[in-house]
Amino acid sequence: MAVKEILLFPRDEDKLRKKSKKVKKIDAPIQKLIKDLKDTLLANPGAGLAAPQIGVHKRVVVVRFGQDTGEMEPPRALINPVILEEGPLGKGFDGCLSLPRISTWDTLRPTWLRFQAQDEQGQTFEMTVEGIDSILVHHEVDHLDGVLFLDRLPDDGQLYIAIQTEDGPKLVPLDMIK
Ligand code: NI
């Protein structure tokens, strides 16, 4: 079990903005990286995590599909993910473990997409995802290119911050960190 520290925006922006390199061989260090990513994701309230978020600039992400079914799948690794085809853009929910407590419903991402990746055994596969799973894959692939969800927010986009109140957690508009 190795839960890693997640890099934060804006403190670690230089590392979060760096592009990640393609994985050439799925060897022991990559298997260890995947395990660390899964352990770290499972220890945090998120559906996806990219290697650069723990300071490793390799094209590996872990995702948990099925957020909107009420039962999230266990994390699975996508190695060298490439988006092959995208549907029309739509506004949707976005949040990021590197920007804790910040969220929006306004980022523009494809409503569905088809991608290719390698699995942990090195097998290349293709998959089509839609809705929240499409947002998730698009968000994680963005991390590998140094793109943060703030970059996908239109000019009139609204950010919210979760604060603790006497009545429990509450989302408050954040004006404006862009
Ligand atoms: Ni993120």
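Computed from the coordinates by the stated procedures, all read-outs in this text should not be read as laboratory data. The structure presented is a predicted model; accordingly, all values stated were derived computationally and were not measured. Glycine gets a Cβ as well: all are built from the backbone with ideal geometry, and neighbour counts include every protein chain shown.
Numbers below:
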quantity	calculated
Full-extension gain in nm, Arg114 to Asp155, via 0.36 nm per residue minus C-alpha separation	12.0 nm
Listed residues Leu99, Leu159, Leu84, most fluctuating in the chain (Gaussian network, C-alpha, under 10 Å)	Leu84
Choice from Glu126, Glu166, Glu13 showing the highest fluctuation, given a GNM over the chain with Cα pairs closer than 10 Å	Glu166
Cα-only radius of gyration and Dmax that characterise the stretch 13-176, units Å	15.8, 52
Residue order, fewest to most surrounding Cβ atoms within 10 angstrom, among Asp156, Asp142, Asp94	Asp156, Asp142, Asp94
Ellipsoid equivalent to the stretch 1-71 - semi-axes via the Cα gyration tensor, in Å	20, 17, 12
Tail beyond 18 Å, pair distance distribution of the stretch 87-137 (Cα, percent)	43 percent
Between 0 and 90°, nearest 10: helix 132-144 axis offset from the chain longest Cα axis	70 degrees
222 nm mean residue ellipticity, helices alone, for the chain (DSSP H n ≥ 4; -39,500 (n - 2.57); rounded to 500)	-5500 deg cm²/dmol
Angle in degrees between helix 28-42 and the longest Cα principal axis of the chain, rounded to the nearest 10	30 degrees
